[in-house]
Protein chains: 2
Amino acid sequence: METLIYKTPSAYSYPLLVKNILFNPYAYNPDQEIVYKDIVRINYRQLRDRIARLASALIELGVKPGDVVAVMDWDSHRYLECYFAIPMIGAVIHMVNIRLSAEQMIYTIAQAEDKVIMVNSDFLPILEQIKGRITTVEHYVLLSNPNEIQKTSFEFSGIYEDMLAQAEPLTEFPDFDENTRATTFFSTGTTGLPKGVYFSHRQIVLHTLSMLAALTIPAKKSRLHMEDVYMPITPMYHVHAWGIPFIATMLGIKQVFPGKYLPDVLLKLIDREKVTYSHCVPTIVNMLLTDPTSKNYDLSNWKVIIGGSALPRVIAIEALKRGVDIYCGYGMSETCPVITIQHLSTEEQELPHDDRAALLVRAGRPVGLVDLKVMTADGEAPWDDKTTGEVVIRAPWYTQGYLKDKSNSEKLWEGGWMHTQDVACRDSTGSLRITDRIKDVIKIGGEWISSLEIEDILCLYPSIAEVAIIGHPHTSWGEVPFALVVLKAGETTKEKDIMKHVKKYIDLGLLSREAILMKIKFIQALDKTSVGKINKVELRKKYLPG
Amino acid sequence: METLIYKTPSAYSYPLLVKNILFNPYAYNPDQEIVYKDIVRINYRQLRDRIARLASALIELGVKPGDVVAVMDWDSHRYLECYFAIPMIGAVIHMVNIRLSAEQMIYTIAQAEDKVIMVNSDFLPILEQIKGRITTVEHYVLLSNPNEIQKTSFEFSGIYEDMLAQAEPLTEFPDFDENTRATTFFSTGTTGLPKGVYFSHRQIVLHTLSMLAALTIPAKKSRLHMEDVYMPITPMYHVHAWGIPFIATMLGIKQVFPGKYLPDVLLKLIDREKVTYSHCVPTIVNMLLTDPTSKNYDLSNWKVIIGGSALPRVIAIEALKRGVDIYCGYGMSETCPVITIQHLSTEEQELPHDDRAALLVRAGRPVGLVDLKVMTADGEAPWDDKTTGEVVIRAPWYTQGYLKDKSNSEKLWEGGWMHTQDVACRDSTGSLRITDRIKDVIKIGGEWISSLEIEDILCLYPSIAEVAIIGHPHTSWGEVPFALVVLKAGETTKEKDIMKHVKKYIDLGLLSREAILMKIKFIQALDKTSVGKINKVELRKKYLPG
C-alpha cells in the first residue's frame, strides 16, 4: 500500500485555484499596462482592484457558488476581469460563442443554465430576438460605459462600470475544492448541436503552467518571455483564447485587447502598442499579411502561434518573408486547448524559408504531461512520418465529458483515451503532422488519401485563393477527391492546368497516384463555421449528389 | 455550493505522478546523452530502459509500495535512475546525506525506516562503522560495476549493474494517488537532530512545472532552454538537487553527472561536455573561479544559479568578469526547494558589473503559485527594500510537516503559513533581499542589525577571505556584533584598519551606526555544516563566553 503524505493540522495544502494565477504570478509589475483598443488603459494594480469589485458586485447581485454567469463580449479588459472574478467566487463563467445562430444560442444558454448574462451592447439585437425563449436568466448586466446605453427592451440589473464604481472590493477570495468547475463553453463542431465542455480550477492552473513552460523553452525564436506584449487574435470566447490570457496575467506582461477583429485596427494596435506576441487561425494571419495597409507596418518583431486549422505552407512562407516569427500548435475545445506545439531547433530556424516553413506548419510535439498516441488498427503507429492513425490523448486538463451528454462523453473517452478524430503521423522527434479529420479522409479503393495534403498542394497553384477537398462518390473507386476551388479575384484557370500541377507532385512522389482521379469544381466561396474553419459538412450538402 | 466537474466513467482523470515527467516530457530526444564523468554515456532511450529494469529488479527484491529505499551515492546517472524508478513503483526514495556524522546517519535511517540501502562503495566504511545499529534494512545493493567490488563485510542482495542486466524491464507503471509520498530526506539544520521532510508525487510534478517556467521566462540572459547542457553541482542527495534533474529530464536535454565534486574535474567536464547550465552554493562557484586551473577554461557560455546561502557581491563580480551568467534563487529543504528566483530585465542586465551584481545577489521574486509575505509585528512589511520581517510562505509543493515530529511540524506551519525563520525585505518589484536568519540577527539595544550585511561589507576588505558575524553578549547593549575573521593566506591586518573600512560604510549610510560597536577576532577557519554553510551554532559554542 502506498503511503500518502502526512499533513500536520496547521499546514496549508494549497488547492490549485484560478485566484493563484492572479495573486501569485511570476512577476507582479503593478504599473504594467492593460489596453483596450484606444479606449481604456488600466494597470495590474487597477486590474486586481476591478476584479475584486466585480466579484463583490456579482455576489451583491445574488450570484452564488455554482451559478453560471455568461459573458458576451469582444476581446476586452472586461472579459479578462470576468475570466478571473467569476470563477474566483466559485461561480462558472460561460464564454458565449457570439457567432452562433439564434437557435444554437438559445440551446447553449439553456444547457449551461446561465443565471446572469453580461452583454456588450453590440449583441443586444440577437438577445432581443431570442429573449422570450430564455428561461434560466435572472439578471442582465450591460458591458458598457454609463454614457453608452442604447435603446433596448432589456431591464438591466446593472451597468458594468457603475457596478464596479459602487462596489466595495472583495478583500478575501475563498478557498474551495480545486475540482470545482470554473469555465464552460460550447464546441462548435461541424456536425450536430454544439457540445458543452467544462474545465475545473485545477485544470486551468495546470494548463497554464504546462503551456507557459511549453511556450518559453525554445532556445531562440518562437518563444514567449517576460518582456513580450501580448494581444489575442483568437476570440476570448473560444477555448479561453487558447489559455494565453491566463498565462500573460501570470507573467505580468502588457496585454492589449483589440475588441472586434478588424484588420486595420489589429495592424495599428500591433504597431502602436508594440505587440510582440499573438495567436490566431491561418485565415486571420493571411488577412493581416494581405490587407492593403499591411505593407505600411513592420511585423518583424511579431511572434504568432497558429492553430485552429492547418497552416498552408504558402502562408507560412509569406509570413517568414515579412519577418514574422510564425509557428504552430494543435488543440481543440475539448482540450483546454493545448495538445502539441511545434518548436524548431536553432539549426532548423536557420533553414531557407521553404524548408523552414515545411517544418513550421507541423502540429508539433506534445507539451509536458500530454500523453499522446497515434493509433492504427494494429496498435501505435511507428514514428516514420508516414504511418497515419487516430490521435488519442490524455492530460490533466482535458474535459472530463460533454455537458449533460453522457453518450457522447463516453464516446469521447472510449477506452480511457480522448479520441480527437484527427488523423496524423509522427516524425522521429515525435512531432505530429495532422493529415486529416477522420471523417474528411478520402477513401479511394482501399487506400486513405489525406484531403489536407491535396489542399496544401492546390494552394501552391498561383491563381487559387482557397480550396476544400471532399470525397465524391464513385461507382468503381468508392470515393474520389473532389476539389472545390475558389480562384483569386479576376483570375481564370482551366481544370487541366490544375491537374498538370497535381501530376507534377504525383511524379515527385509527394502525392499518391490515386489523386489523378480528382474532380474539380470552381465556386465563389467556401462555407465556413462560426470560428472560420472550412465547413465540409455544409460543402458536402451543397455540392454532392443527393 | 460550488459544483465539482462531472467525470464520465471512461474519462482518465490523470493523477500527477513522477512517471509523467519521464514519459511525457516537453521533448523526447531518444539519442540525447546522459554522461557520468568520463565513465558512462547512455542516451534517453537507454535511461528509460534502465529505469524500467531497475523498477523490476526492486520489485523482485521485495520492495513494495510504501517501502523506503535509501540511496547513498555521488551525483550519477544511477542516482537519476533511482529518482524515477523508486517512486514510480509506489516506493519512497530516501536521499541520504552522505556528509552526516555516523550518529546522525543511524538516526535518519531509523527515522525513515529504510528497507533497502543502495550504496556506492565509497560509503561502505561509514556503513561498516554503524552496521550493528541499523535495524530496519533488509537488503543492501552495491552501486558499482561488477568488476569494482571491494572487500566488505556486507552481504549484498545484488550489484546494481548485474541486477539491471538480469531484470525484465517493467512494461507498465501503475497509477496511484498523487498524494503518495515519493521522496524523503533530512534537513541539515544547524541545531538539534536532522529533521525529515517529504514530498508527494503531486508536489514533485507541480514543483517541476512551476520552476521550469520560472527558469525559462527571462527575455535574454539567465535562462534555461531546450538546447542547454545541464550539470548539477548541488548534490543529488540535497533537496532533489534543487529539483533540476526532474526539469532537465522533462526538457529532454543533455545531462552530465560529475560524481564527487572536485574543482578540476568539474571544470574539465564543463569544458569537454559543453555544460551551459548548473546550480551551486557560493563556496563552489568561488572554488571554480579561483582554482589554479580555472583560467585555462572559457566559462563564458556557463549559466549558474546560486542558492543555499547569500552570494557575496564580490564573488558575483568575479563571475561576471569571467563572463559567467550568474544569478540567485532562494529555497530550503522544507520547500522542495524553490521559493524565489531573481531575474533581471534586459535593461538591468546591461548595467556595469558592480550595479548588476548588487541586483543579482538578491533572492528574487516568488515563482508562480508561491504566496509570500514578509511579516513584521505590525503586519505585512511595505515593499520599500528597508522594512524587514520574517518570510512566511505557501505553495503547493512545501512539506506538509516533519517526519514523525508533530511538535516541530506545527511550529513550522503555525497559523497556516510556513515559517522560514529568514528575515528579509522586498523592493518595489517584490524582489526579496534576505538580511538574516531570525536566530542570527544581532540585537543592539532595541535595534536589529543584520549579520549578513556586515559580513558582506567585511568581505569587500582585500585581505579578508571569510567572515562570520555572531552576537556577543554586552552588559549595556545586550548584544554587539562579533566578527570572526579568516584572513587570506599570508596576509596580516590590524583590527583598527578593518574598523576604518566599516566606518566608511557607516558614514555612507549603508550600515547602521551601531556596527561601530563590533568586536573582531582573527581565526584560522570557520566551522561549516555538512552542506558547506557557516555553522554559527558551533562558532557560538567555541568563541562566546560560557
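The values are calculated or read from the model by the stated rules, or taken from the named source; none is laboratory data. In this text the structure is predicted, and so the values were computed from the model without any measurement. Counting neighbours? That spans all protein chains shown, and the Cβs are built from the backbone with ideal geometry, glycine included. Remember, those area values only see protein heavy atoms, side chains included, never the ligands or the DNA or RNA. Shrake-Rupley method; radii C 1.70, N 1.55, O 1.52, S 1.80 Å.
Here are some notes:
- Percent accessible area from carbon and sulfur atoms, the protein assembly as shown, protein chains only, probe 1.4 Å: 50 percent
- Note on B:THR135 and B:ASP507: the extension gain reaches 127.8 nm, defined as 0.36 nm multiplied by sequence separation minus the Cα-Cα distance.
- Computed over neighbours whose Cβ is under 14 Å from that of B:ALA468, the net charge equals +2, Lys and Arg +1, Asp and Glu -1.
- In the frame of its principal axes, the range B:144-247 has Cα extents of 53, 42, 33 Å, reported largest first.
- Summarising the amide proton neighbourhood of A:GLU227: residues at separation of 5 or more, or on other chains, whose placed amide H is nearer than 5 Å comprise B:ALA219.
- Cα-only Debye scattering, the range A:231-344: base-10 log of I(q)/I(0) at q = 0.22 Å⁻¹: -1.39
- Sorted from shortest to longest, the distances between the A:GLU350 label points of this copy and the other copies are 2.5 nm, with each point 7 Å from Cα along the line through the beta carbon.
- Around the amide H of A:ARG365, modelled in the peptide plane, lie the amide H atoms of A:ILE341, A:GLN342, A:HIS343, A:LEU432, all under 5 Å away and 5 or more residues distant in sequence or on another chain.
- Descending by average beta-carbon neighbour count within 10 Å, the peptides B:348-357, B:488-497, A:274-283 line up as A:274-283, B:348-357, B:488-497, the highest first.
- Calculated [θ] (222 nm, deg cm²/dmol) that DSSP helices of n ≥ 4 give over chain B, each run adding -39,500 (n - 2.57): -8500 deg cm²/dmol
- Here each label is just a point 7 Å from Cα along the line to Cβ, and for B:GLU538 and B:SER428 those points are 4.4 nm apart.
- B:LYS411/A:MET375 FRET efficiency (R0 45 Å; Cβ-Cβ; nearest 0.05): 0.25
- Approximate spin-label separation A:ILE516-B:GLU155, in nm, with each point projected 7 Å along Cα-to-Cβ: 7.7 nm
- Working note: Debye formula, equal point scatterers on the alpha-carbon atoms of the range B:195-244, no solvent; log10 I(q)/I(0) at q = 0.17, 0.24 Å⁻¹ is -0.63, -1.05.
- Taking the range A:1-98 and dividing mean pair separation by its residue count, relative contact order in percent (alpha carbons under 8 Å, at least six apart): 26 percent
- Measuring only protein heavy atoms, the 1.4 Å probe finds B:ASP427 accessible over about 30 Å².
- Taking Cβ atoms as reference points and 13 Å as the exclusive limit, the residues near B:THR493 contribute a net charge of +2, counting Lys and Arg as +1 and Asp and Glu as -1.
- Each listed q (0.08, 0.09 Å⁻¹) maps to a log10 I(q)/I(0) for the protein assembly as shown from the Debye sum over equal C-alpha point scatterers, namely -0.89, -1.10.
- P(r) weight above 21 Å for the range A:80-154, C-alpha pairs, percent: 26 percent
- Size descriptors for the range A:1-155, from the alpha-carbon set: Rg then Dmax equal 18.5, 67 Å.
- Calculated FRET value between A:VAL40 and A:GLU168, using beta carbons and R₀ = 30 Å, to 0.05: 0.85
- The mean number of Cβ atoms from other chains found within 10 Å of a Cβ in peptide B:216-226 is 6, as a whole number.
- A simple spin-label model places the labels of A:ASP175 and A:SER294 5.2 nm from each other, with each point 7 Å out along Cα-to-Cβ.
- Entry comment: accessible area of the range A:38-139 is 33 Å² per residue, from protein heavy atoms only and a probe of 1.4 Å.
- Here the calculated FRET efficiency for A:ILE438 and A:GLU491, from their Cβ-Cβ distance with R0 = 45 Å, stands at 0.85, rounded to the nearest 0.05.
- Per the Cα gyration tensor, the range A:31-96 maps to an equivalent ellipsoid with semi-axes of 22, 14, 8 Å, ordered largest to smallest.
- Chain B: projected area of the alpha-carbon convex hull, averaged over directions, in nm²: 28.4 nm²
- The gain in end-to-end length when the B:LYS404 to B:THR529 segment is fully stretched comes to 42.7 nm, 0.36 nm per residue minus the alpha carbon separation.
- Taking only the C-alpha atoms of the range A:367-480, the Rg (one decimal) and the largest Cα-Cα distance, Dmax (whole number), read 16.4, 48 Å.
- Dipole of the range A:130-257 computed with +1 at Lys/Arg Cβ and -1 at Asp/Glu Cβ about the Cα centre; of A:TYR160, A:ALA182, A:TYR237, farthest Cα towards the positive end is A:TYR237.
- Accessible area buried between chains B and A, both sides summed, probe 1.4 Å, in Å² to nearest 100: 6500 Å²
- Cross-link pairs beyond the 20 Å C-alpha cut-off, checked among B:LYS221/B:LYS386; A:LYS221/A:LYS321; A:LYS494/A:LYS528; B:LYS504/B:LYS542; A:LYS500/A:LYS533; A:LYS519/A:LYS541: B:LYS221/B:LYS386; A:LYS494/A:LYS528; B:LYS504/B:LYS542; A:LYS500/A:LYS533
- Placed amide H near A:VAL92: partners under 5 Å, 5+ positions off or other chain: A:GLY66, A:ASP67, A:VAL68, A:VAL69
- For A:ASP527, net neighbour charge (Lys/Arg +1, Asp/Glu -1) across residues whose Cβ lies under 12 Å away: +4
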